[in-house]
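Laboratory data are not the source of any read-out in this text; all were calculated from the coordinates shown. Keep in mind the model is a prediction, meaning the values are calculated, not measured. Reconstructed Cβ throughout: ideal geometry from the backbone, glycine too, with neighbour counts over all protein chains shown.
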Amino acid sequence: MGREFIVPGQMVTGAGALDMAEATLGQFGKKAMLVTDKVMIELGNCAKVENALKNQGIEYIVYSEITGEPTDTMIENGVKQYREAGCDFLIALGGGSPIDSMKAIGSLAVNGGNISDYMGKIIDAEMPPMAAIPTTAGTGSEATQFTIITDTKKDIKMLLKGKVLMPDLAVIDPQFTMTAPPKITAATGLDALCHAVEAYTSRKAQTLSDTFALSAVKRIFSYLPAAYHDGKNEEARVEMSVAALEAGIAFNNASVTLIHGMSRPIGALFHVAHGLSNAMLIKVCLSYALEGAYDRFAELGRAIGAASLEDSEKEAAEIFLAAAVRLTEELETPTLAEFGIEKQAFFDVIEKMAFDAMDSGSPQNTRREISQADIEQLYRNLW
Ligand SMILES: [Fe+2]
């Protein structure tokens, strides 16, 4: 069966990446909207991108109202400002939230309507040029055709999709990821691990996505602890940025599975950051998925050097699971209770969460049959 493999139009990685990408940005249009958040302004990261635009004689406005994971309200305000200022292209600087916001603002600015109109449909209309400059090594949004926007009226995370949402340019420059604090490094790094592991064990995995997923998993096990314990370790930061990009490319072309499916409802209802709710779910979800794909998990166990050819497939798969759980512990992933969620409040919404998880379609990519009742049980196990 023929398979498509989609990557950003252009990727620039490593030290000096922004300088190298400047001329390309200069050709994207006449006036940019720079989508970011206040922290990026305070850290001076925004000024670096503004300087690049000034060097190219490009006009711009800064939209820094992305105060957390993107909501329909943030997107609608962004679209209004984009239109009023007469912008013709977009740049996102930040973690997954500004990048996801950029994609949604771009779709609405040219195609109109409300963001909820696009849920469940493939977005295929024309888009303005988009450049993504990630400042965390995790979400991989710079390399995906997805965006997740919270519908504040229904309390659900809407997954929007379309090839046109893939950024035209991804700039992976370590000068931006060096500033991420340990908690963000941990959550986003484990998000990238989920992307890679889920892509590798997805029913939709393909040869090329396997290459990127395997490479990402190896890099993450080798460098995430170092990036977490010592944020100034430039080698670890560079390797993690590359890993996040590889993992993004992998899941963009192979889909995510159970962890992401179950994570989005927790995020929407209890405001747990995306990477963190994924990290919390690693043990419970992979324990379930293992039985359907011992061979795949065994390959991961051997790839990270934890299992050997002498171990059976089942043993090697279990060794990988144990290594992944140890990593979440080393990175001090809290439980739901430690995060501050009330037990009763959580149990009250298990049925809704399980329904929303199944409805997203992601759990069904797991290589083991799964029903809504199974997912309800997994949420109970998680507590
Ligand atoms: Fe993710």
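Take every pair of alpha-carbon atoms less than 8 Å apart whose residues are at least six positions apart; their mean separation over the length of region 145-247 yields a relative contact order of 27 percent.
Loop-resident trypsin sites (Lys or Arg not before Pro) (DSSP state other than H, G, I, E or B) in region 75-130 with no more than 15 further Cβ atoms inside 10 Å of their Cβ: K121. Relative to the Cα centre, the charge distribution of the chain, modelled as +1 at Lys and Arg Cβ and -1 at Asp and Glu Cβ, gives a dipole magnitude of about 440 debye. Could you give the angle, 0 to 90 degrees to the nearest 10, between helix 72-85's Cα long axis and the longest principal axis of the Cα atoms of the chain? Once rounded, the angle reads 20 degrees.
Given contacts defined as C-alpha pairs under 8 Å and at least six residues apart, what's the relative contact order of region 1-59, whole-number percent?
40 percent.
Please compute the length gained on full extension between K163 and H229, using 0.36 nm multiplied by the number of residues separating them and subtracting their Cα-Cα distance. Using 0.36 nm per residue and subtracting the Cα-Cα distance, I get 20.1 nm. Sparsely packed loop sites in region 223-293 (the GluC sites (Glu not before Pro) outside DSSP H, G, I, E and B with at most 13 other Cβ atoms within 10 Å) comprise E291. Label sites at Q344 and N77, each approximated as a point 7 angstrom past Cα along Cα to Cβ, lie 3.5 nm apart. Zone of Q372 (label point 7 Å along Cα→Cβ, backbone N under 17 Å): which residues in region 142-164? Zone members listed by number: 156-157.
K204: which lysines have alpha carbons under 20 Å from its alpha carbon, excluding same-chain residues fewer than 8 sequence positions away? Correct list for K204: K121, K161, K163. Using only Cα atoms and rounding to the nearest 10 degrees, what angle (0 to 90) does helix 234-254 make with the longest principal axis of the chain? For 234-254 against the chain, the angle is about 80 degrees.
Estimated from the Cβ-Cβ distance and a Förster radius of 41 angstrom, the FRET efficiency linking A15 and S116 is about 0.50.
Take the Cα of N51, step 7 Å toward its Cβ, do the same at V7, and the gap between the two points is 3.0 nm.
Here r is the Cβ-Cβ distance between A337 and Q364 and R0 is 41 Å; the resulting FRET efficiency, rounded to 0.05, is 0.90.
Normalised by the residues of the chain, what does the relative contact order come to in percent, with Cα pairs under 8 Å and at least six apart? Relative contact order of the chain: 15 percent.
Computed over region 1-136, the Cα gyration tensor eigenvalues convert (square root of 5λ each) into semi-axes of 23, 19, 15 Å, ordered from largest to smallest.
Mind pulling the angle between the C-alpha long axis of helix 182-200 and the longest principal axis of the chain? Nearest 10 degrees, somewhere in 0 to 90. The helix 182-200 is inclined about 70 degrees to the chain.
Looking at region 11-79, none of the GluC sites (Glu not before Pro) sits in a DSSP loop with at most 16 other Cβ atoms within 10 Å of its own Cβ. When the alpha carbon coordinates of region 241-382 are projected onto the principal axes, the ranges are 46, 31, 28 Å, largest first. Residue ranges 93-99, 267-273 sort as 93-99, 267-273 when ordered by packing (mean number of other C-beta atoms within 10 Å per residue, highest first). Using Cα-only point scatterers and the Debye equation, what is log10 of I(q)/I(0) for the chain at each q in 0.11, 0.13, 0.14 Å⁻¹, rounded to two decimals? Those come out to -0.72, -1.02, -1.18, one per q. Sorted largest first, the principal axis extents computed over the alpha-carbon atoms of region 36-80 equal 33, 23, 10 Å.
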